[in-house]
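K.L.:
Okay, here's the structure, questions in a sec.
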Amino acid sequence: MWGIKGSCAALLLLFLAYISVSSVYADSLSAPLNVTIKALEGNSAIVTWDILEGDPVIGFAITQQKKDVRMLRFIQEVNTTTRSCALWDLEEDTEYIVHVQSISMSGTSPLSEPVLFRTPKESEKLASKSPDEVTMEEVGQAAQLRAGELIIIVVVLVMWAGVIALFCRQYDIIKDNEPNNNKDKAKNSSECSTPEHPTGGLLRSKV
């Protein structure tokens, strides 16, 4: 009986020791540094961070929270070396708080320093953009419009060229037929100018 109890106690001690070692190892993992918000839009943003060289990081975890609201969004990804993550479905003109944690085989690091940011209004973004600033999306739309305009111009030119060619052909046909028409007219006029007399004699005027 005491042998069974001793074995159970030994196993329990080993388990607690394993948890303690894992906890110490996980606690030795440094929190992410230089957490930054980039590409801030009305409905999205990108969070980036750095880690200490040598930390056995295999992933990350991000907590996203509206300011003064307890609801959290938790994003986690493992088997990755990326140091950035996109935040989506954000609300315009809203403040958010973001924490980042590193993940290793033994657990997670402490939370990073909180980062507070505010999403802009779409109207504010448009007002802040200078007239000369052009985004890649606008460049793509302009290129598509130019391509469509060029296609329309080419089609119109081809149609006009066909119309002109048809007109020239008809004009040549009409011009070629003009000498024959002139000969026929001349022949008809000569026939009408000399009247025929059945008696075959010339009429003389009586004095």
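The values are calculated or read from the model by the stated rules, or taken from the named source; none is laboratory data. Here the structure is a predicted model, which is why all the values come from computation and not from measurement. For neighbour counting, all protein chains shown are included, and Cβ atoms are generated from backbone atoms with ideal geometry for every residue, glycine included. Ligands, DNA and RNA are stripped out before the accessible areas are found, and what is left, the full protein with its side chains, is counted by its heavy atoms. Shrake-Rupley method; radii C 1.70, N 1.55, O 1.52, S 1.80 Å.
K.L.:
If I take R0 = 41 Å and measure r between the Cβ atoms of Lys121 and Thr82 in this structure, what FRET efficiency does the formula 1/(1 + (r/R0)^6) give, to the nearest 0.05? Can you show the working numbers first?
P.N.:
Numbers: r = 30 Å, r/R0 = 0.73.
That pair, Lys121 with Thr82, gives E of 0.85.
K.L.:
If packing is taken as the average number of other Cβ atoms within 10 Å across a peptide's residues, how do 89-96, 148-155 rank, most packed first?
P.N.:
Working: 89-96: 14.4, 148-155: 10.0.
Those peptides, ordered most packed to least, come out 89-96, 148-155.
K.L.:
At 1.4 Å probe size, with every protein chain present, just tell me what the per residue accessible area of the range 30-128 comes to in Å².
P.N.:
On the way: 5810 Å² over 99 residues.
Heavy-atom SASA per residue in the range 30-128 reads 59 Å².
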